[in-house]
């Protein structure tokens, strides 16, 4: 087995054990496997009505890695990205590293969508945060991020989402940012302005809704 693949497998295994043991989640209940995406044509119009430059696009994906993250974090969301309005794409971090994906393609891979406006977002900071996100394209994925080790100059999805806003946080009174940030917790540092569950399209059972 290639050394890199072995490292990844061990990192994922450690993430599962550590997340369950140190109480980073509300438990370690296995989440339902998601296989069906929501109809893109029903999500696109309402998303475009509210999304702005630098917003977080948080989703529950249906791939193997998404189902793994959903289980590890015990949350109804598995992935997050930063929206780049000028290019109509998201900047995301996954196993391929930090890269760009067209918004349409990204939404089309989701069984649930949140649009979250970071609390630090203003007309002045939005383009600067996106500029920083663009500068990080090509950086590697942080495979040990879920257990709080962190690889220097590497990012997992919600780590990237927070990182591009760090220069603009200042002394604002917000919830403390923990060492490990799961996608489903990003609403603690932002305002949810769109949730596809609210229009009855979600594949997530009511029992898996984000607790208030």
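Since every read-out is calculated from the coordinates, none of them should be taken as a lab result. Here the structure is a predicted model, which means the values were calculated and not measured. Because the Cβ atoms are built from the backbone with ideal geometry, glycine has one as well, and the counts that use them run over all protein chains shown.
List of remarks:
- Gyration tensor (alpha-carbon) shape descriptor, the range 95-153, a/c threshold 1.5: oblate
- Once the chain from residue 152 to residue 169 is taken as fully extended at 0.36 nm per residue, the excess over their C-alpha distance is 4.0 nm.
- Ordering 143, 77 from the fewest to the most neighbouring beta carbons within 10 Å gives 143, 77.
- Exposure proxy ranking, count of Cβ atoms within 10 Å, fewest first, for 193, 82, 57: 193, 57, 82
- Computed label-point distance, nm, for sites residue 137 and residue 44 using a 7 Å Cα→Cβ extension: 2.1
- Among 91, 104, 147, the ranking by other beta carbons within 10 Å of each residue's beta carbon, starting with the fewest, stands as 104, 147, 91.
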